[in-house]
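Notes follow once the structure below has been shown.
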Amino acid sequence: MSAALLAHCSSSPSQGGGADAGTDVHFEPGADGGHTAPDAGKGTIGSDASSAKDTGTGGGTGTPFAVGTICNSSGTKLTPPATVKHVIVIMEENENFGSVNGNAMAPYISSLATDCGYASNYADNTFAENLVSNPHYLALTSGSNCNTGVDESGTGCITTDGDASGQTLSTTSIFAQVSSWKAYEESMTGNCATSSSGSYATKHNPPAYYSTLSTCSADDVPIAALTCDSSSTMTPCGTPTGAFAEDLANDTLAALSFVTPNLDNDMHNGTVTQGDNWLYTYMPLILTSKSYLAGEVVVLVLWDEQATVDFGGAVPNLFVSPYITAGTVVSTQLNHFATLRAMEKALGISTYLGCASGTILGGGTCAAGSTADLRGAFNF
């Protein structure tokens, strides 16, 4: 099945029974040359409590979803499993919400947002100060950018984009919590490379910064670079090769997969369209994989921070799972800490790290939305 068809097709699960009653999200012109979504159909959440009522059943390994399923358009809310087998995080860079979600220059992402779900208030409020990319990656994966404390207060804080060869954290990360993990780094020169080279940026490879993570040299692996068109939309970037494509094809995904496009394809140096085309090339491999169609995978497409300094402003985001009702829009404030909490919870981990727990070892303030139940809101 082609990527274009998958982008615009939301087949019901094979066991679903209702008409297509999912809420389509229609984007309207907004700021940043992009679009924003109306308030209709937005969900609200509390701290680890979903307001939606569970009805129906999901796919699971015994009852696979139909080929072509992206998210749930059956008209019946499905009940996700207590835990999922695989979480895939794909990290993008430095864009404001309206520059991506609903932007005509990112049609694939926009179609997935309609077919699945996103948060309209995913806040760039992780830090009180305007810290750069690397601390955001560390916050997402360990609940802080410090060994104790958060932001610029505490001990051992990483506040710059310096390579991992010169700065590390000794704190625990989600990579040490999960049963298995693998990071796939486009254009990386070798396993767990601690120095940047070419279009590979160590600052976007968080496992390399955790000094106590003993398996980085084995589980942090390169993937070959793709050349993506920077202006022509819905254009495949070629055929992906390497570990990520192989693990999807062979059904050998780890519990946690952390995927980082290179600087040309993550919207950092390249265009929004380039990044959209990269996802247009890779996402169909995920959506047609055995694990995804068995209801065992949730995909989180995240941006580290906004392009502009506007604390609390929204960053783009996208959440994909066959259990997520098509057209889900969550309006409650969320952030990277809430996502860390959701990843931990989805993978059966009950000890939340750093601000994902609401408190920080050594003191410090966790931003609003840090403990919100993102998983419950999106129903995965």
note = If amide H atoms are modeled at 1.01 Å from N in the peptide plane, then the residues at a separation of 5 or more from Thr69, or on another chain, having amide H under 5 Å from its own are Ser11
ask   = What list do you get for Asp219, Asp251 if you sort them by fewest beta carbons within 10 Å?
value = Asp251, Asp219
Order of Leu374, Leu293 - criterion: other Cβ atoms within 10 Å of each residue's Cβ, fewest first = Leu293, Leu374
ask   = What does the charge add up to near Thr235, with Lys and Arg as +1, Asp and Glu as -1, over the other residues with Cβ less than 11 Å from its Cβ?
value = -2
ask   = Given H placed on each backbone N at 1.01 Å, which residues far from Ser180 in sequence or on other chains put an amide H within less than 5 Å of it?
value = Ala255, Leu256
note = Quick note on Val100, Val89, ordering by fewest other C-beta atoms within 10 Å, gives Val89, Val100
ask   = According to the square roots a ≥ b ≥ c of the eigenvalues of the Cα gyration tensor, what is the shape class of the range 266-347, taking rounded for a/c under 1.5, prolate for a/b larger than b/c otherwise, and oblate for the remainder?
value = oblate
task = List the equivalent ellipsoid semi-axes of the range 118-171 in whole Å, largest first, each obtained as the square root of 5λ for an eigenvalue λ of the Cα gyration tensor.
result = 20, 12, 10
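We did not get these values from a lab; they are worked out from the coordinates using the rules stated. None of the values given here were measured: they were computed from a predicted structure. Positions of Cβ are generated from backbone atoms using ideal geometry, with glycine treated the same way; all protein chains shown enter the neighbour counts.
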